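Chemist: Have a look at this one before I ask anything.
FYI, it's all coordinate maths here, none of it is from the lab. Everything numeric in this text was worked out from a predicted model, so none of it was measured. Don't worry about glycine lacking a Cβ; one is built from the backbone with ideal geometry, like all the others, and counts go over all protein chains shown.
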Amino acid sequence: MHLARFPRIHLAHLPTPLEHLPRLSAELGGPEIWIKRDDCTGLSTGGNKTRKLEWLMAEAQAMGADMVMTQGATQSNHARQTSAAAAKLGMACHILLEDRTGSNDPNYNGNGNVFLDDLHGATREKRGPGLDMNTEMETVADQYRAKGHKVYTIPGGGSNPTGALGYVNCAFELVSQFNDRSLPFDHIVTATGSAGTQAGLIVGLKAINANIPLLGFGVRAPKPKQEENVFNLAVKTAEKIGAAGCVKREDVVADTDYVGEGYGIPRADTLDAIRMFAQLEAILLDPVYSGKGAAGLIDYCRKGKFKKGERIVFLHTGGAAGLFGYTSAFA
Ligand SMILES: *Cc1c(COP(=O)(O)O)cnc(C)c1O
C-alpha cells in the first residue's frame, strides 16, 4: 500500500511506543494487555488527531490556506491539536465549540483543552447543543472568506478520508511492531467517536490482510449508527488508497455499552478505569474517550470475553489534557 503519494506534513513523533502493561494484566488475571501509545504523538500533549492532521494540514497548505477551521465539543482534543498544528505551521486557526454537556464548571469551560486552544493563539466561538456543527462551521468559514481569508475547514474529529489516512498508516506501523518483535496479537481495541480512527485502522488492517479483529468502544452514538459511520468512512478511505472493497460491513464492530448518560459524561467505571491505569501503570487516560474504552477493555477481561492466553493491544488515543477540565468528577 503506497501512501507516500498523498501530501503529508510530519507533525507526530512516530512510531509511537508499543508497551506491555504487566501490572494491569496481573490485576485482571486474564489476557496479556499491551498499549499502543498514541497519547505520545508529541504535539501539545499528543493524541490521535495528530496523525490525521499530518495529512489534513498538508492538504490545507497545498490549497494555499492561511486559516484552518474546525469544530468539536468544548473539551475537544481535536480542536486543541488543530490549534497546535496551525501554530506550528504559522496559520490562523478558528474553532467552534459545541456545549454538549451543559456543564457550567469553570474548569470544564476554561481549563484543559480550552486553555491550550487559547495558549496556541486560536480564536473560538461557542454553540449550543444539537446543531449541525459542520454546517455552522461552513457558515462561519464563508464569513472569513468574505474578509479575504483562504479557509480550509476540517470536519469534527478530522474524520474524512484524508484524515483517516493517518490511521491506515498507524495500522501498518502497529503490525510492523508485532512482526518485528514476534508478538502475535489476538485483538486490537480502541475508543471510537467521529470514526476516523477505527475506519483508518480497519482499512489498513484489511488492506494488508492482517487478520486481527478490531473492536471500537463507542463514546456517543448507539451501536448501529456508530458502526454505519465507521463503515461508510472506511469504504471511502479504501477507495482513496486504491483498495476499494477491502472492508466488509462485518469487519466493523463497535460496542457502545460503556457510553452511559452521554458524550462527555463519565460513568463510575470510566473513572475507575482512569484510576486503575494511573495507579497500576502510571498512564493517563481521559474521561471522554480513552477512559470509556478502557472501561470496556477491563469489563471484557473480567467477564472472560478476552481470555487468559490471548494478547490484546489497547490503542491509547490520548486526551489527558481533558482531565484538567474534569477534576470535579474525581472529587
Ligand atoms: C477524538 C478522540 C477519539 C476518537 O477518535 P475518532 O477518530 O474521533 O473516532 C478517541 N480518543 C481521544 C482521546 C480523542 O480525542
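Chemist: Amide H neighbours of residue 215 under 5 Å, at least 5 residues apart or on other chains, H built in the peptide plane: list them.
Modeler: 188, 189, 190
Chemist: Counting other beta carbons within 10 Å of each residue's own, what order do 63, 69, 276 fall into, fewest first?
Modeler: 63, 276, 69
Chemist: Once you have a ≥ b ≥ c as the square roots of the Cα gyration tensor eigenvalues for the chain, tell me rounded if a/c is under 1.5, and otherwise prolate or oblate according to whether a/b is larger than b/c.
Modeler: On the way: a/c = 1.73, a/b = 1.25, b/c = 1.38.
Since a/c reaches 1.5 but b/c is at least a/b, the shape of the chain is classed as oblate.
Chemist: With only Lys, Arg, Asp and Glu charged, each at its Cβ (+1 for the first two, -1 for the last two), find how big the charge dipole of the stretch 33-94 is about the Cα centre; round to the nearest 20 debye.
Modeler: Values: 7 positive and 5 negative charges, 43 e Å.
My answer is approximately 200 debye.
Chemist: Could you work out the relative contact order of the chain? I mean the mean sequence separation of Cα pairs under 8 Å and 6+ apart, divided by the number of residues, in percent.
Modeler: Working: 697 pairs, mean separation 75.2, N = 331.
Once normalised by length, the contact order is 23 percent.
Chemist: Rounded to the nearest 500 deg cm²/dmol, what is the calculated helix-only ellipticity per residue at 222 nm for the chain, with -39500 (n - 2.57) per DSSP H run of length n ≥ 4?
Modeler: -13000 deg cm²/dmol
Chemist: Also: Under a Cβ-only charge scheme (Lys and Arg +1, Asp and Glu -1), can you give me the dipole magnitude of the chain about the Cα centre, in debye to the nearest 20?
Modeler: Details: 35 positive and 35 negative charges, 93 e Å.
Charge dipole of the chain: 440 debye, to the nearest 20.
Chemist: Can you sort 263, 167 by how many other beta carbons sit within 10 Å, fewest first?
Modeler: Taking fewest neighbouring Cβ atoms as first place, the list is 263, 167.
Chemist: Once the other residues with Cβ under 14 Å from the Cβ of residue 103 are scored (Lys, Arg +1; Asp, Glu -1), what is the net sum?
Modeler: Working: positive: 100, 126; negative: 98, 99, 105, 261.
My count for the surroundings of residue 103 gives -2.
Chemist: With just the Cα atoms defining each centre, how far is the stretch 9-55 from the stretch 295-313? Give it in Å.
Modeler: Rounded to whole Å, the Cα centres lie 18 Å apart.
Chemist: If you find the alpha carbon centre of the stretch 233-276 and of the stretch 160-202, how far apart are they in angstrom?
Modeler: 12 Å
Chemist: Show which aspartates and glutamates lie in cross-link reach of residue 147 when reach means a straight Cα distance below 16 angstrom and same-chain residues fewer than eight apart are skipped.
Modeler: Candidates past the 8-residue exclusion: 66, 138.
Chemist: Just want the ordering: 49, 305, 206, from fewest to most Cβ atoms lying within 10 Å of their own Cβ. It would help to have the intermediate numbers written out before the result.
Modeler: Numbers: 49 35, 305 16, 206 21.
So the residues, fewest neighbours to most, are 305, 206, 49.
Chemist: From the phi angles alone, apply the Karplus equation (6.51, -1.76, 1.60; θ = phi - 60°) to the stretch 211-221 and give each ³J(HN,Hα) in whole Hz, x where the residue is Gly or Pro.
Modeler: Once rounded to whole Hz, the list reads 6, 10, x, 10, 10, x, 9, x, 10, 8, 6.
Chemist: Shifting gears a bit: Is the stretch 97-143 rounded, prolate or oblate when judged by the Cα gyration tensor, a ≥ b ≥ c being the square roots of its eigenvalues, rounded requiring a/c under 1.5 and prolate requiring a/b larger than b/c? All intermediate terms of the calculation are to be shown ahead of the outcome.
Modeler: Numbers: a/c = 3.41, a/b = 1.29, b/c = 2.64.
Because a/c hits 1.5 or more and a/b fails to exceed b/c, the stretch 97-143 counts as oblate.
Chemist: Quick check on my link table: of 240/292; 223/305; 223/248, which ones sit more than 27 Å apart, alpha carbon to alpha carbon? The partial results should precede the final answer.
Modeler: Numbers: 240/292 31 Å; 223/305 18 Å; 223/248 17 Å.
Check vs 27 Å cut-off fails for 240/292.
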